[in-house]
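Accompanying notes for the structure given below.
The values are calculated or read from the model by the stated rules, or taken from the named source; none is laboratory data. No experiment lies behind these values; they were computed from the predicted model shown. Neighbour counts run over all protein chains shown; Cβ positions are idealised from the backbone, glycine included.
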């Protein structure tokens, strides 16, 4: 441990249960590297509090002794946001033991959930009372509420329910000076100055530690209808999406993928089969749901809408899943794309968004531009059309050396893609955040107005730069302890 | 003008059209006092730019010359938020001439609207393309988009569509150093660091000047059903609200009022009549709407729900407006309460919110507590039950001297009410903001964590305290110009 870390442990030892303070390297090791093994850091100290009061005590002491804290939930960041710095001087602040669901009110549609509660557990508990928490993503078995809040997580249901920002009704957090901000009360109207809850959502732990959140629940799904559609181009898909949205508030997902993504899945993922018999350049996966007291079945809506779209030629072909098993099979195709594309070779992957109206053109033109600029590459986007959010992958030329291409070519490709995104008025980070990975691109591509505001906010709320330093926005190194 | 103001005018005069710089006291006078005549200030200078570039030039020069700016739209603040300080040293920055609707895309449901556009005008323009902007309030003929954004305005449709925070998809603003923040692109997913748009919404012009917003539009209402219901108590009203919300996504308003509010209207507002024949202690006004392509008429939903509620005794009586004229008559009762209660004598009025589940109990218990603590007063709440937001009025004892009571007793009553609100986990400002009026109560009742965070943010983004100083959060007086 560093001298600062030793002083911090000395300060805390008398006040916190021994189990909170972890210095055994073997116990810490799994949390020093991100889940994909791309970011490596070091921390000689891990703190695992079980209450908000313990978190407050830790943060206050860490501020006094200038020990940086790296808040960590399920360690599922896609951008190195929860990996400690390499110098070993920080302490990991694990929220996993703060895992109580403090309350759940089905009638009000609200739950107060601690930061360490795992997303899948919240799903399960909500289901026991006929409700659901309408946000899901691949890492649901590990990702925690605190991390989901701090990264303003998205997923596959944003189209209808929004990101975490739309699902958080209140927050409790420990600010960088150790004070507790109690904003858990779910108030639909509250105009008492700057909205600290909104500032902490997506703050990536750099402005404080989220310790609990009041989240919205909605009635459980009683019926869903999943359809697979073949289309000529993304513009037709957007038109179809708009029609669906006008017809029903129950449109939960509208995922778009090109033929080559489907082909990659069929080739590399055992047990998958094409939903439609013919070949189509583009495909959409649509899910419409209804709660148990809905007055119209989603199947009727989907049949009506697809019938009309087939009749007027907007879609080339369509099929409705005849069973839950078939619906799951459709979804498995969508969820296997990343895995299938990994099997086809190395790729530069981008989590980007542009205004929804601009997305059809962007998908076509950006892919063409990439392939022209980097001969031999293949570029395509797939994902959440309804959110203006695609995962835009540029695959290496056939025969490229994996390690060399990813190290030397991929970053150039990424800058090229990011420039296209900015030109289209979009965001270089749609749902994954900035973390360490996009720090340089954020700096390169943001207006001076945005960057100076981000720095001013960070410096004002965390003057000693102890909260997750080196993530989201870079500041000058911290000064010596006073 | 002050020497600083003279220097500012000198700096701007060569660069801006003469019409932008207003120094004629007669032209400025109407904007020195708020619309209700409760707050009086003085400004020897008013600046009325017509473009974002002009706003940026003004803010940069004002920062350089340390002239505080008071942004003003329709001057309809309820809390003195747009009234200049009394010392005359500030300049009013009027956004009213920035009144272009830059674009409107009905298909995407988005409009880019400049700060000075009046709410009623946006309503009218949206209607021409079959859309609507789903936020309305009494001051719609004067209130501007910039002011609505800066105060996170609410109104009567928050139940379904949320406050301005839920309707703003992007913002353009000039930050306190004169830099332009261009965040107009409507991105459903955008995780590029702290959300500046969210920080400016509800910032009351203290962190920068909103110059334009991208706002969401929804399909125009094709059919509405308005019902009036007699109930035993607020708890029954909440149960009914929950049932309606489960049955339909089209519940737009659910307003609750006690018998005495209805009685005051019937007594003092000519042409009003009771919707129900019998007497009931509480009343609810419910509106359900549908767009033109909805698959079920709102009338069927309302009839079904009220039929069930009458059958099981949840409501005592109910009637559905048989015509648009009758629907308007029901709404006129609700909208006349404040005027009617003014006719009954002076009152201390409070715009407060508590968690919705807590509202029924709060309305009963807070009224009883006030009447016990201040003998002779009559207390009651009415308003947006579905938002947890009531206007809680405590009326002076019969025969009280109006001026004396409002000056001496009302502030004591307000502190008492605010204490009850805080004890119930609520907000002392639900939809009107802080402005000048609630500065002291915000300070008195907020946690040190909240206050220090608000101050740190303000000082960081506006280090010279030139943006609407003395509103929302008090800072130390500004220093001399450098």
Task: Within region A:325-359, tally of residues that are in contact with a helix residue (DSSP H, G or I) (Cβ under 8 Å, 6 or more places away or on another chain), within 14 Å of chain B (Cβ to nearest Cβ) and more than 22 Å from residue A:79 (Cα to Cα) - done: 3
- [ ] Considering every residue within region B:360-375, establish whether at least one is over 15 Å from residue B:284 (Cβ atoms), within 14 Å of chain A (Cβ to nearest Cβ), surrounded by fewer than 19 Cβ atoms within 10 Å (Cβ to Cβ) and over 18 Å from the mean Cα position of the chain (by Cα).
- [x] yes
- [ ] Tell me, yes or no, whether region B:148-162 has at least one residue that is part of a helix (DSSP H, G or I), buried (at least 20 other Cβ atoms within 10 Å of the Cβ), more than 11 Å from chain A (Cβ to nearest Cβ) and touching a helix residue (DSSP H, G or I) at 6+ places or on another chain (Cβ under 7 Å).
- [x] yes
Task: Failed criterion for residue B:395 (all others in (1) in contact with a strand residue (DSSP E or B) (Cβ under 6 Å, 6 or more places away or on another chain); (2) without any contact (Cβ under 8 Å) to a residue 12 or more places away in the chain hold) - done: (2)
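Conditions (1) assigned to a loop (DSSP other than H, G, I, E, B); (2) over 29 Å from residue A:131 (Cβ atoms); (3) in contact with a strand residue (DSSP E or B) (Cβ under 6 Å, 6 or more places away or on another chain), marked per residue:
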position	(1), (2), (3)
A:204	yes, no, no
A:210	no, no, yes
A:226	no, no, yes
A:237	no, yes, yes
A:254	no, no, yes
A:264	no, yes, no
A:267	no, yes, no
A:277	yes, yes, no
A:286	no, no, yes
Open item on the list: Against the definition (part of a helix (DSSP H, G or I), without any contact (Cβ under 8 Å) to a residue 12 or more places away in the chain, over 25 Å from residue A:77 (Cβ atoms) and more than 14 Å from chain B (Cβ to nearest Cβ)), how does residue A:407 come out, yes or no?
Closed with: no
Task: Qualifying residues in region B:376-399 (those that are at pLDDT below 95 and assigned to a loop (DSSP other than H, G, I, E, B)) - the one farthest from the other protein chains (Cβ to nearest Cβ) - done: B:399
Task: Of the criteria (1) part of a loop (DSSP other than H, G, I, E, B); (2) within 23 Å of residue A:50 (Cα to Cα); (3) facing chain B (nearest Cβ under 7 Å), which one residue A:141 fails - done: (3)
- [ ] Exactly one condition in (1) more than 14 Å from chain B (Cβ to nearest Cβ); (2) over 19 Å from residue A:202 (Cα atoms) is not met by residue A:469; state its number.
- [x] (2)
Task: Positions within region B:328-371 being outside any helix (DSSP H, G or I) and within 22 Å of residue B:386 (Cα to Cα), in sequence order - done: B:336, B:349, B:350, B:351, B:352, B:353, B:354, B:355
- [ ] Tell me which of these residue A:10 doesn't satisfy, since it passes every other one: (1) within 29 Å of the chain's Cα centre (by Cα); (2) surrounded by fewer than 17 Cβ atoms within 10 Å (Cβ to Cβ).
- [x] (1)
Task: Index of the failed condition, residue B:272 passing every other in (1) modelled with pLDDT of 95 or more; (2) within 13 Å of chain A (Cβ to nearest Cβ); (3) in a loop (DSSP other than H, G, I, E, B) - done: (2)
Task: Subset tally (residues that are touching a strand residue (DSSP E or B) at 6+ places or on another chain (Cβ under 8 Å) and either surrounded by fewer than 21 Cβ atoms within 10 Å (Cβ to Cβ) or more than 23 Å from residue A:34 (Cβ to Cβ) (or both)) for region A:60-77 - done: 0
Task: region B:411-451, residues that are at the interface with another protein chain (Cβ under 7 Å from one of its Cβ atoms) and part of a helix (DSSP H, G or I) - done: B:442, B:448, B:449, B:450
Task: Residue in region A:456-464 that is under 22 Å from residue A:173 (Cβ atoms), within 9 Å of chain B (Cβ to nearest Cβ) and under 21 Å from the mean Cα position of the chain (by Cα) present - done: no
Task: Yes/no for residue A:303 being assigned by TED's automatic domain parsing to the domain that holds residue A:247, surrounded by fewer than 22 Cβ atoms within 10 Å (Cβ to Cβ) and not in a helix (DSSP H, G or I) - done: no
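Test residue A:205 against the stated conditions and say whether it is crowded, with 17+ Cβ neighbours inside 10 Å, under 30 Å from residue A:116 (Cβ atoms) and at pLDDT 95 or above.
So residue A:205 passes the test.
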TODO: Look at region B:239-252 and say how many of its residues are in a loop (DSSP other than H, G, I, E, B) and buried (at least 17 other Cβ atoms within 10 Å of the Cβ).
DONE: 2
- [ ] With respect to residue B:112, determine if the residue is assigned to a strand (DSSP E or B), at negative phi and within 14 Å of another protein chain (Cβ to nearest Cβ).
- [x] yes
Open item on the list: Please pick out the residue among A:219, A:234, A:298 that is within 14 Å of chain B (Cβ to nearest Cβ), in contact with a helix residue (DSSP H, G or I) (Cβ under 8 Å, 6 or more places away or on another chain), touching a residue at least 12 places away in the same chain (Cβ under 8 Å) and buried (at least 16 other Cβ atoms within 10 Å of the Cβ).
Closed with: A:219
TODO: Could you identify the single residue in A:433, A:386 that is in contact with a strand residue (DSSP E or B) (Cβ under 8 Å, 6 or more places away or on another chain) and buried (at least 24 other Cβ atoms within 10 Å of the Cβ)?
DONE: A:386
TODO: Scan region A:134-158 for residues that are in contact with a strand residue (DSSP E or B) (Cβ under 6 Å, 6 or more places away or on another chain) and closer than 21 Å to residue A:248 by Cα and jot them down.
DONE: A:134, A:156, A:157
TODO: Go over the candidates A:138, A:178 one by one and state the one that is under 30 Å from residue B:108 (Cβ atoms) and surrounded by fewer than 21 Cβ atoms within 10 Å (Cβ to Cβ).
DONE: A:138
TODO: Could you please give the count of residues in region B:188-202 that are at the interface with chain A (Cβ under 7 Å from one of its Cβ atoms) and over 19 Å from residue A:472 (Cα atoms)?
DONE: 2
- [ ] Inspect region B:282-290 for any residue being within 28 Å of residue B:168 (Cα to Cα), more than 14 Å from chain A (Cβ to nearest Cβ) and in contact with a helix residue (DSSP H, G or I) (Cβ under 6 Å, 6 or more places away or on another chain) and give the result as yes or no.
- [x] yes
Open item on the list: Quick check on my filter: what residues within region B:165-182 are more than 8 Å from chain A (Cβ to nearest Cβ) and in contact with a strand residue (DSSP E or B) (Cβ under 7 Å, 6 or more places away or on another chain)?
Closed with: B:167, B:168, B:169, B:170, B:171, B:172, B:173, B:174, B:176
